[in-house]
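Here is the structure we will look at, set down as structure tokens.
Each value in this text was obtained by applying a stated rule to the coordinates, not by laboratory testing. Since the structure is predicted, the reported quantities are computational estimates derived from the model, not experimental observations. We place every Cβ from the backbone using ideal geometry, glycine too, and count neighbours over all the protein chains shown.
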Amino acid sequence: MKKLLATFIMILLTGILHEQITSACTNFLVTKGASANGSTMITYSADSHQLYGELYYWPARDYPQGSFLDVYEWDTHKYMGKIRQVAHTYSVVGNMNEHQLAIGETTYTGNESLIDTTGIIDYGSLSYITLQRAKNAREAIKVISDLVSEYGYASSGESFSIADPNEAWIFEIIGKGPGNKGAVWVARRIPDGYISGHANQARIQTFPLATGKKNSIAINSKDLKRISDTLVECIYASDVIELARTKKLFIGKDEEFSFSDTYAPITFEGARMCEIRVWSFFKSVNDEMNQYFNYVSGHDLTKRMPLWIKPNRKISNYDLMNFMRDHLEGTSLDMRKDIGAGSFGLPYRWRPVTWKVSGDPNAHEYCNERATSTQQTGFVFVAECRNWLPDPIGGIFWFGVDDAATTVFNPMYCGITEVPECFKVGNGDMLTYSPTSAFWIFNAVANFCYLRYDVMSPDALKIQKQLESRYLSETVNVDDAALKLFAGDEKSARKYLTNYSIKIAQNTFDQWKALSEYLLVKYIDGNIKKEKNGKFERNSWGNPVMPFQPGYSDEWKKSVIQETGNKLLVPTGSGH
């Protein structure tokens, strides 16, 4: 305990850096048959220390023949080049378009020698351009294939979640190397009734080859028209195995080829900091997942998890919101339970992810856990695609900013034509505070809660649950009202949904601003003011009564005694 305490204090005070692992982002996928209401759903947390939380919006537009689109890299905003614009683009709200197509992503990097530095289309642009050009998941796969083939793929290895009201696909891609235009990739449809996930580790291993089978195709000019065939459940670049042989990454039989093991082999970091997030989701709905604990803890990399599993119960949209808030609670790696959590059970660890004790050339390397919910999050969503409703009403983009654990998921219908002010692009940025920005008010609450998480976070979670419960219950009536309007005039339905979504976002902002003020008053200076009947208690003179002063946990006190010896000891009989 003494050594652990010393290590914790040293990292806290000095910020010693070791090579930082940059893996971030988490996606979960739920098919119609696995969801509680028959919707298809995907989740995404956009985790980055530099990403500002805002809700993107592109209106539908028509373009004259010969138009071009300037492409800017999503991460850096660097200009990449021009591509041909299509005649018509669809409106996009966040990562969901007006036809209920939704796309999320996680970066797995993989073999970095395959990054094409001459490519134009980065992974972020690939997502948002595709959303403007495709109506469903199968069209999205074709659009992605066409874009990278014509303009080159500029990023490292990437996993995409692609969902529409009927299907969910996992799509994994990597480049061909500098100056080698295009990319190699594999896309697999998640079987109905199953769930999947990915979190910065390539997960597709072997896959059915297109050797006369009806359920698999290798993309080339002859097979493009077969993408829409519902019998097809696997689609891949025709040269995905050939490239691996050319690069001397694979020498076996074609049927033995594994995309992940070839282009992004599993490592300790890939299991412990990436796959463990998928495992924690899987184990919550399947009792057989404990057999993979040695794998996800990084101790046995030979027994990998399946790409998809069948849950033991139906999963709701609210379930998914809470799965995105996971800190490995209830496992032996529970982030609240070791000395790194401090005295107040903080389920977070500041970066770096891996570290050594400074000054010791023979020091071992250690890691911090990397759970699904993490502090450096720009935005997070649950995209819900419902095939029994018209597209502008059927798609709900449940959107929140900052840390999933303390955010609120707001229903942004995919048919809206305007974004709420508190979520708008340009309302503040990562270096510019805005008093009307949801990102900043949610960060204010979250960062305050990090100081005394065990006592402060319950106040935030109480309001969070109240708001989300209300919004979830309201969607039934909102759907019905919008559907009646839609029957007569689609524009009226879209206007109604826009007004509703804006109203909800503003209500959330107002409630969270009030919460930030309440927390400041209640917990100022390490005290906890007493409350009665929902109000702070006052004495007969109108002043606050003496607050609670709970101090530190006994476990922390014992650690301090062990570390400091008699330095802080109060002598017996001192009169204290």
Worksheet entry | Entries in K32/K314; K462/K535; K82/K135; K142/K181; K181/K247 that, when Cα-Cα distance is taken, lie over 20 Å | K82/K135
Worksheet entry | Listed peptides 416-422, 129-135, 287-293 by packing density, highest first (mean Cβ within 10 Å) | 129-135, 416-422, 287-293
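Compute the convex hull volume of the Cα atoms of the chain, divide it by the residue count, and report the result per residue in Å³ as a whole number.
Cα convex hull per residue, to the nearest whole number: 185 Å³.
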Item to complete: Would you calculate, for the chain, the mean residue ellipticity at 222 nm contributed by helices, counting each DSSP H stretch of 4 or more residues as -39,500 (n - 2.57) and dividing by all residues, to the nearest 500?
Response: -9000 deg cm²/dmol
Worksheet item: In degrees between 0 and 90, to the nearest 10, how far off the longest principal axis of the chain does helix 490-523 point, with axes built from Cα atoms?
Response: 20
Item to complete: Take the Cα coordinates of the stretch 310-465, assign each an equal point scatterer, and use the Debye formula without solvent to give log10 I(q)/I(0) at q = 0.11 Å⁻¹.
Response: -0.56
Practice prompt. Measure out, as a whole number of angstrom, how far apart the alpha-carbon centroids of the stretch 115-188 and the stretch 302-370 sit.
Written response: 30
Worksheet item: Tell me, K214, K248 in order of fewest to most beta-carbon neighbours within 10 Å?
Response: K248, K214
Worksheet item: Regarding the stretch 537-576, what are the three Cα extents along the principal axes, ordered largest first, in Å?
Response: 44, 26, 11
Worksheet item: Given q = 0.12, 0.16 Å⁻¹, what are the Debye log10 I(q)/I(0) values for the stretch 291-390, with equal point scatterers placed on the Cα positions and solvent ignored?
Response: -0.60, -0.98
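What ranking do 430-439, 392-401 get when scored by the average of other Cβ atoms within 10 Å per residue, highest first?
Descending mean neighbour count gives 392-401, 430-439.
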Worksheet item: Reachable lysines from K465, Cα under 19 Å, same-chain residues fewer than 8 places away excluded?
Response: K503, K513
Practice prompt. Please report M412, M273 as a ranked list, fewest other C-beta atoms within 10 angstrom at the top and most at the bottom.
Written response: M273, M412
Item to complete: Would you be so kind as to identify which of F486, I219, F250 lies farthest towards the positive end of the dipole of the chain, taking Lys and Arg as +1 and Asp and Glu as -1 on Cβ and the Cα centre as origin?
Response: F486
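Can you sort H99, H299, H364 by how many other beta carbons sit within 10 Å, fewest first?
In order of increasing Cβ crowding within 10 Å: H364, H299, H99.
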Worksheet item: Reachable lysines from K558, Cα under 25 Å, same-chain residues fewer than 8 places away excluded?
Response: K2, K3, K337, K356, K567
Fill in: Reference-scaled alpha-carbon Rg (2.2 N^0.38 Å with N residues) for the stretch 424-576
1.58
Worksheet item: How large is the charge dipole for the chain, taken about the Cα centre, if only the Cβ atoms of Lys, Arg (+1) and Asp, Glu (-1) carry charge, to the nearest 20 debye?
Response: 600
